[in-house]
1. List the residues whose amide H sits under 5 Å from the amide H of Ala86, counting only those 5 or more places along or on another chain, with H placed 1.01 Å from N in the peptide plane.
2. State, as an integer percentage, the relative contact order of the chain based on alpha-carbon contacts under 8 Å between residues 6 or more apart.
3. Once you put a point 7 Å from the Cα of Arg102 and another 7 Å from the Cα of Asp181, both along the Cβ direction, what distance in nm separates them?
4. Please list 3J(HN,Hα) in residue order for region 167-172, calculated via the Karplus relation 6.51 cos²θ - 1.76 cosθ + 1.60 where θ = phi - 60°; whole Hz, with x for glycine and proline.
5. Could you give the Stokes-Einstein D for the chain in µm² per second, using the C-alpha Kirkwood radius, 20 °C, 1.002 mPa s?
6. For n ≥ 4 DSSP H runs only, could you compute -39500 (n - 2.57) per run for the chain, divide by its residues and tell me the 222 nm figure to the nearest 500?
7. Residues of region 139-182 with the amide nitrogen closer than 15 Å to a label point 7 Å from the Cα of Asp47, along Cα-to-Cβ, please.
8. Return the sequence-ordered ³J(HN,Hα) values of region 100-109 in whole Hz as given by the Karplus equation 6.51 cos²θ - 1.76 cosθ + 1.60 applied to θ = phi - 60°, using x for Gly and Pro.
Amino acid sequence: MSAPASASAASAAPAPAPPGGPTAAELLDFALRTAADPAIVGSLPLDPQGRTWIRLDGPCGSEAWLIGWPPGTGTGWHDHAESRGAFATARGRLTEHSLAVRLPAEGWRSLELAAGVDRSRRLEAGTGRAFGEHHVHEVLNESASEHAVSVHAYYPPLPLIRRYSRSGAVLGLEQVDRPEDWQ
Ligand SMILES: [Fe+2]
């Protein structure tokens, strides 16, 4: 019988990546565990003048980053295309503004958001959040004095980041960044 032999061989191999990659909940679990690791968090150089980041080994082929946020810095509005993801605050506190709406995929440069789609949350150290595909948000360190550090993970690895301007209810598509722009 060949079945037992193949089962044995499979059990001796490293655990395969789950089909479809890690879930957003698994990415959040990674982000929270990593944010609670003082050795990893402490390895990030901090710069009072701007954000800093280092690449981490994310679970199951995901893309992960450790990011430092001086007071008053933020990402601007953006999304992560078809990648799902999660992030967790390790130090300080971050604010996330997000949109509870799915944007049209293509064919627009400017659109007016409906009333009531804005969401906002604060993420204290030790907390995080997961998000699905096409999540639109901006992340800020609104503190006047305290540096923040956070852990981010995405799957699939980011194919692109769309960057938006925001003026009241009007969202404008400004730029599309590719991996060579941030790696
Ligand atoms: Fe983001």
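Just so it is clear, none of the values below were taken in a lab; they were calculated from the coordinates. Keep in mind it's a predicted model, so treat the numbers as computed, not measured. As a convention, Cβ positions derive from the backbone with ideal geometry for all residues, glycine included, and neighbour counts pool all protein chains shown.
1. Phe131, Ala153
2. Value for the chain: 29 percent.
3. With each label point 7 Å from Cα toward Cβ, the separation is 2.4 nm.
4. Here the 3J(HN,Hα) series is 9, x, 8, 9, 10, x Hz.
5. This corresponds to a translational diffusion coefficient of 121 µm²/s.
6. After summing the helix terms and dividing by residue count, I get -4500 deg cm²/dmol.
7. Residues 182 fall inside that zone.
8. Listing the rounded values in order: 8, 7, 8, 7, x, 5, 9, x, 9, 10 Hz.
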